[in-house]
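Peer 1: This is the structure I have questions about; it appears just below.
The values are calculated or read from the model by the stated rules, or taken from the named source; none is laboratory data. Values in this document were obtained by computation on a predicted structure and should not be read as measured data. Heads up, the Cβs are rebuilt from the backbone with ideal geometry, glycines too, and the neighbour counts pull from every protein chain shown.
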Amino acid sequence: MKKISTLLAVIGMILISSCDGPQGPPGYDGLDGQDGLISEVFELKNVNFAYNATDGYTIYRALDPQIYASDVILIYRMTGTIDSSTPVWQLIPRTLFLPQGELDYDFDFSKEDFTIYAGGTYDLSLTPSYINNQTFRIVIVPGDFSASINKNNYADVMAALNLKESQVQQINF
């Protein structure tokens, strides 16, 4: 009797697992790129912060195309150069301590745009070299990848994302 029960159970499992129902809707297309990661870096060169009474000094840009909601943006400010071909990049947010007071660079972003802010404890128009002709690198990092890289070092980020300097897109405004 035990053998017959086992045989019926096996036959029943085969019949149930071979049932076929209606096909579901098609899935979304996958991501193109290395291992499904889409990374991008672009440069805003020699841009000036615009001033308004509500937000202070800002640089605003729309993202076209929009990024994925899970993506992360990192922004680096060029603080100088070692030589003519070696810029020095500093991750923002950042506070600079100047003789005039504190100067803060910060930013926010959404999947549609980003804004870079400059604010401080003094009138920033007194130090135009910190709000005019600034150069920034904006790095778009896939969200699931962003936790595993050293964000403070621009070169490490570029290496981790397998991006080359030749891939940096110059954005002129």
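Peer 1: For Asp144, which of the numbered conditions (1) within 13 Å of the chain's Cα centre (by Cα); (2) closer than 18 Å to Leu91 by Cα; (3) touching a residue at least 60 places away in the same chain (Cβ under 8 Å) fails to hold?
Peer 2: If we test Asp144 against (1) within 13 Å of the chain's Cα centre (by Cα); (2) closer than 18 Å to Leu91 by Cα; (3) touching a residue at least 60 places away in the same chain (Cβ under 8 Å), just (2) comes out false.
Peer 1: Quick one: which strands (runs of 3 or more DSSP E) sit completely within segment 63-173 and have at least 3 residues that are among the acidic types (Asp, Glu) and either in contact with a strand residue (DSSP E or B) (Cβ under 8 Å, 6 or more places away or on another chain) or surrounded by fewer than 16 Cβ atoms within 10 Å (Cβ to Cβ) (or both)?
Peer 2: Ranges flagged: 101-109.
Peer 1: Pairs under 7 Å by beta carbon, first residue closer than 23 Å to Leu74 by Cα and among the aliphatic types (A, V, I, L, M) in segment 112-130, partner assigned to a loop (DSSP other than H, G, I, E, B) and modelled with pLDDT of 95 or more, six or more apart or different chains?
Peer 2: Once the first residue is closer than 23 Å to Leu74 by Cα and among the aliphatic types (A, V, I, L, M) and sits in segment 112-130, its partners that are assigned to a loop (DSSP other than H, G, I, E, B) and modelled with pLDDT of 95 or more give Ala118/Phe49; Ala118/Ile131.
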